[in-house]
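Working notes for the structure below.
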Amino acid sequence: MRIIIMGPPGSGKGTEAALLIKHYNIPHISTGNIFRELYKDRTTVGKIAKEYIDRGELVPDDITNEIVRHRLTHADAKKGFLFDGYPRNIEQAKAFDALLVKLGWKLDAVINIKAPDELIVDRISGRRVCESCGAVYHIHNKKPLIEGICDLDGGTLIQRVDDMEETVQRRLRVYNESTAPVIGYYEKTGSIIHIDGTKSIAETDSAIMKALGETN
Ligand code: AMP
Ligand code: ZN
């Protein structure tokens, strides 16, 4: 199964991504996570990416496309994949198409999760992530068992710099200007599944599974 999941920051796509990779047993490829790891490992690319990320801007396409190309050479990608946060603009979508043609692979689904701006700002400003494993929580909607501590590994939960309100507003602007057109791109080239991201996690889960033809 080869899937792309799209949606503005805070639409709940990370949560749905977790469900899908478990269901299909496919790797979760989040370009945002890859950039954060590259930074944690003190790589040059990671340091460059961090400057864009902290400003709420997109990392340049040549860097991003190359990271994706490299990631797909890993053996686990043969099982399929779920892309989360990529492609983020039309240029990346075109580069990704060309790469898939080269690999002889076809996308099975593009899922677009929709949510209005007010909901997004609320969801993101309450978001907390584990400093060590990157697991995502929310101060109201997805509390850890112990406040401030990751359920999985006991890591400290922090707020990402780019989740602070001002940066969120910039990320939303970037989303509306650069990423929203990608939806139109996939509408033209294939099937795209639109999902209402304002509902509960359970309702969103089942809407996606139903749209994918799963009897869940
Ligand atoms: P995310 O975790 O997907 O919200 O990504 C966090 C940040 O990483 C974004 O705000 C961008 O600065 C950067 N980023 C992630 N994916 C991409 C991409 N496909 N193209 C450019 N920048 C990206
Ligand atoms: Zn953790």
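Residues are listed down the side, and each one gets a yes or a no for (1) under 23 Å from Arg36 (Cα atoms); (2) of a type outside the set (Gly, Ala, Ser):
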residue: Gly154; (1), (2): yes, no
residue: Asp163; (1), (2): yes, yes
residue: Tyr175; (1), (2): yes, yes
residue: Ala207; (1), (2): no, no
Residue that is surrounded by the most Cβ atoms within 10 Å (Cβ to Cβ) [pool: residues in the stretch 44-74 that are over 22 Å from Arg2 (Cα atoms) and of a type in the set (Asp, Glu)]: Glu57
Single match in Ile3, Ile48, Ile63 (criterion: away from ligand 2 (no atom under 16 Å from the Cβ) and touching a residue at least 60 places away in the same chain (Cβ under 8 Å)): Ile3
When residues of the stretch 75-88 are limited to those that are surrounded by fewer than 20 Cβ atoms within 10 Å (Cβ to Cβ) and under 18 Å from the mean Cα position of the chain (by Cα), the one nearest to ligand 1 (Cβ to nearest atom): Ala77
Verdict on Tyr86 being away from ligand 2 (no atom under 16 Å from the Cβ) and either out of contact with any Gly (no Cβ under 6 Å at 6 or more places or on another chain) or modelled with pLDDT under 95 (or both): yes
Residue check, Tyr175 part of a helix (DSSP H, G or I), surrounded by 14 or more Cβ atoms within 10 Å (Cβ to Cβ) and under 15 Å from the mean Cα position of the chain (by Cα): yes
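The values are calculated or read from the model by the stated rules, or taken from the named source; none is laboratory data. Owing to the predicted nature of the structure, the values given are computational and were not obtained by experimental measurement. Note: ideal-geometry Cβ built from the backbone for every residue, glycine included; neighbour counts use all protein chains shown.
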